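Notes follow once the structure below has been shown.
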Amino acid sequence: MAEVRFVGAIRKAAGTATFGIDAGTVEEFLEKLRGLMGPAFQEFVFQGEELQGDVEVAVNGRSISFLDGPKTALTPFDQVTLSINGARGSPGASGSFAGPGGHG
């Protein structure tokens, strides 16, 4: 069972720091996560079926963008970390960031 770690603002939205989840790929992991977590978490992390643009997913400390993206395989010994990259993840930032022309 892979260990899931929530860092920063995502931890607050999740209401927990870590837990275990069985999934063969990051894509399967994200589908299961969407089904397990409440609406506030889903709205914070996902935009429809996709991750929000500032959500970073890492497997064993490496961004999935440097691996096989959502198709990255997971083993029971892997650690999957979700964090926010940018203003929403900064200490003291609230909810979402609405930059020039952004939605907030």
Fraction in percent of alpha-carbon pairs per bin - 10 Å, the stretch 28-72: 26, 55, 19
How much length would be gained if the chain were fully extended between GLU27 and GLU50, taking 0.36 nm per residue of separation minus their Cα-Cα distance, in nm to one decimal? 7.3 nm
For a quick check: with amide H placed at 1.01 Å from N, whose amide H comes under 5 Å from THR25's, ignoring anything fewer than 5 positions away on the same chain? LEU74
Looking at the stretch 16-78, which GluC sites (Glu not before Pro) are in a loop (DSSP not H, G, I, E or B) and have at most 13 other Cβ atoms within 10 Å? GLU49
Placed amide H near ARG5: partners under 5 Å, 5+ positions off or other chain: VAL80, THR81, LEU82
Go through the stretch 1-90 and name the chymotrypsin sites (Phe, Trp or Tyr not before Pro) that are in a DSSP coil and have 16 or fewer other Cβ atoms within 10 Å of their Cβ. PHE77
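Bear in mind that the values in this text are calculations on the coordinates, not laboratory data. Just so it is clear, the structure is predicted and the values come from calculations on it, not from any experiment. Quick reminder, even Gly has a Cβ in these numbers, built from the backbone with ideal geometry, and neighbours come from all protein chains shown.
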